[in-house]
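Peer 1: First the structure, which I've put down as structure tokens, then a few questions once you've had a look.
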Amino acid sequence: MNSGPALVSILRQGDTLVASVHTALDDSEMIRFQNDLVRQIGEVRARGIIIDVAALDVIDSFGSRTLRSIADIARLRGATTVIVGIQPEVAFAMVRLGMDMGQVPTALDLEEGLAYLARLRAVGAS
Amino acid sequence: MRVLAAEDRIEPGMIEPYAIATVRNVMATMWRRDDREVRNRHRVFDPTQPDDVENVLVASEEQLAINEALRRLTDRERQVLLAHEVSGAATQMLADEAGSTAGAVAAQLKRTRARLRVEYLLALDHIEPPTDRCRPVLLALSSADRRRQREVDAARHLLECDVCARLSEPLLDRGPVRDDVLHVTIGADPDIVSARRAARDLAAQAGFTGTDLTMLATAVSEVARNIVRFADNGDVTIELLERPRRGIRVVARDMGPGIADVEAALQDGYSTYSGLGLGLPGARRLMDEFNLVSEAGHGTTVSMTKWFDPKGSA
């Protein structure tokens, strides 16, 4: 993010990265977000990633493809991604468009997303 | 180039029975002053005075252009226009003379003024329009006649014809600001977001809500992205419709290479870049009407409409 207010914030919480998108992103910003996030997975040795897309006005073919790419790359780097905060209208439009999140887990909001990752960890530990 | 927008303000001042030449001077001066004011507004702190010699020169050029433009009207058009603007003859009086109605005369005057503006712009630049289509397009723009603009496909012509694109700038600026139609020029990624925001705002204003807004914005996003990916530049026009019923129409035009196989492009999974091939077929599913016209080498036009459905947008 070179100038102006941050479009996306990426916070670390233990071994989880929480990335919140604050505004509509255009395609280049989306790609930059992807690259930033993927880099940070290695830097902080993240095991879980939560991407909060509640502020995205639209998740179109490019947006959903990028989110899936992030999840795929993260998986290859050993981290699980959960997409949270997809707005009801956005979900409706995505279905109509013919998009979904593929194998990427989704959760209602940040809290549910963290709970999902916690369950995974519990299963992995037992 | 707000010169022409000032026309309405100038007219009342011309009711005085000035000699034709005087009127031309007044018009030239006022148009010029207005133009200069607009140009200088942003440098209020710049004490530099405009060069007088230059202004006199500009004034005489503009005057010549008006003379030339008046000359290009038909005798009848010129006669009625001057009788009305210069001698202050009321439309009703002119109508009685011609055995016509006041409304018809007013409409005729409106057309004449539209023509005068076009001819003035052409004369000012000392050019003749490069194609047969230019004059009808400019005229349709000058008269702010939307139906006519659609008939002559004005928006596409402006993409194709550099001369008209440049000349039409002041024509597009004039008249009341239309709040039911928006143009977004598409050239780079951020424009995709601007286009879908514009569509969403306009649709919200028309009463669209919730899911309908998001579906519309998503469809606009897809067609705008196609322009950036395949054609480098183009534009998206978003227009509110009242007839046959309330709705919103989106027209995306580009001058790109065109789509060789339109049928294939509308199938899910067809993709020429590393997309998912859901752009066009997806946009079609999101809208109620969808039409794609493309010719190899001559760009692509996607027109799509979403109708307002009070039940569906609850």
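Peer 1: Report, to one decimal in Å, the Kirkwood hydrodynamic radius for the stretch A:1-50 based on all distinct Cα pairs.
Peer 2: 11.3 Å is the Kirkwood radius here.
Peer 1: Suppose the chain between A:Val95 and A:Ala115 were pulled fully straight at 0.36 nm per residue; how much longer would it get relative to their current alpha carbon spacing?
Peer 2: The span from A:Val95 to A:Ala115 would gain 4.6 nm if fully extended.
Peer 1: Carbon and sulfur: what percent of the stretch B:179-260's accessible surface (1.4 Å probe)?
Peer 2: 49 percent
Peer 1: At the nearest 100 Å², what buried accessible area, both sides summed, do you get for A and B when the probe is 1.4 Å?
Peer 2: Heavy-atom accessible area buried at this interface is about 2000 Å².
Peer 1: How far apart, in nm, are the 7 Å Cα→Cβ label points at B:Arg111 and B:Glu68?
Peer 2: 2.5 nm
Peer 1: Let me check against my output: what whole-number percent is the relative contact order of the stretch B:181-307, with C-alpha pairs under 8 Å and at least 6 apart?
Peer 2: Values: 261 pairs, mean separation 32.2, N = 127.
It comes to 25 percent, rounded to a whole number.
Peer 1: Something else: Rank-order B:131-141, B:197-207, A:33-43 by packing density, defined as the average count of other C-beta atoms within 10 Å over each peptide's residues, highest first.
Peer 2: Values: B:131-141: 19.8, B:197-207: 17.9, A:33-43: 15.3.
Highest to lowest by the protection proxy: B:131-141, B:197-207, A:33-43.
Peer 1: Which of the GluC sites (Glu not before Pro) found in the stretch B:217-260 are in a DSSP loop and have at most 10 neighbouring Cβ atoms, other than their own, within 10 Å?
Peer 2: Details: sites: B:Glu222, B:Glu239, B:Glu242; in loops: B:Glu242.
When the GluC sites (Glu not before Pro) of the stretch B:217-260 are filtered for loop state and at most 10 Cβ neighbours within 10 Å, B:Glu242 remain.
Peer 1: How charged is the neighbourhood of B:Ser294? Take every other residue with its Cβ under 10 Å from the Cβ of B:Ser294, and add Lys/Arg as +1 and Asp/Glu as -1. Walk me through the intermediate numbers first.
Peer 2: Working: positive: none; negative: B:Asp254, B:Asp261, B:Glu295.
Residues close to B:Ser294 contribute a combined charge of -3.
Peer 1: Kirkwood hydrodynamic radius (Cα pairs, Å) of the stretch B:79-234?
Peer 2: Values: mean 1/r = 0.0547 Å⁻¹.
After inverting the mean inverse Cα-Cα distance, the result is 18.3 Å.
Peer 1: Taking the Cβ of A:Ala79 as the center, what net charge do the other residues with Cβ under 10 Å away carry, scoring Lys and Arg +1 and Asp and Glu -1?
Peer 2: Values: positive: A:Arg45, A:Arg47, A:Arg75, A:Arg77; negative: A:Asp15.
That sum, taken over residues with Cβ under 10 Å, equals +3.
Peer 1: Can I ask one more? Dividing the convex hull volume of the Cα atoms of the stretch B:181-307 by its residue count, what figure in Å³ per residue is obtained?
Peer 2: 93 Å³
Peer 1: Between A:Asp36 and A:Ile73, what is 0.36 nm times their sequence separation minus the Cα-Cα distance? Round to one decimal in nm.
Peer 2: 12.1 nm
Peer 1: Then there's this: Between B:Ala296 and B:Val262, what length in nm is gained on full extension when 0.36 nm per residue of separation is reduced by their alpha carbon distance?
Peer 2: 11.2 nm
Peer 1: Still on this structure, I have one more. Express the Stokes-Einstein translational diffusion coefficient of the stretch A:53-126 in µm² s⁻¹, to the nearest whole number, given a Kirkwood radius over alpha-carbon pairs, 4 °C and a viscosity of 1.567 mPa s.
Peer 2: 100 µm²/s
Peer 1: Treating only the Cβ of Lys, Arg, Asp and Glu as charged (+1, +1, -1, -1), what charge dipole size does the stretch A:1-60 show about its Cα centre? Round to the nearest 20 debye.
Peer 2: Here the size comes out at about 400 debye.
Peer 1: Mind giving me the nanometre distance, one decimal, between the label points for B:Thr131 and B:Glu61, set 7 Å out from Cα along Cα→Cβ?
Peer 2: Going from the B:Thr131 label point to the B:Glu61 one covers 2.8 nm.
Peer 1: How far apart, in nanometres, would the label points at B:Asp179 and A:Val123 be if each is projected 7 angstrom from Cα along the Cα-to-Cβ direction?
Peer 2: It is 5.4 nm.
Peer 1: Still on this structure: For chain A, just the Cα atoms, rotate onto the principal axes and tell me the three extents in Å, largest first.
Peer 2: The principal-axis extents, from largest down, are 40, 34, 24 Å.
The values are calculated or read from the model by the stated rules, or taken from the named source; none is laboratory data. The model shown is predicted, which means the values in this text are computed figures rather than measured ones. All Cβ positions, even for glycine, are placed from backbone atoms using ideal geometry, and neighbour counts span all protein chains on display. Side chains are part of the model used for accessible areas, which takes the heavy atoms of the whole protein and leaves out ligands, DNA and RNA. Shrake-Rupley method; radii C 1.70, N 1.55, O 1.52, S 1.80 Å.
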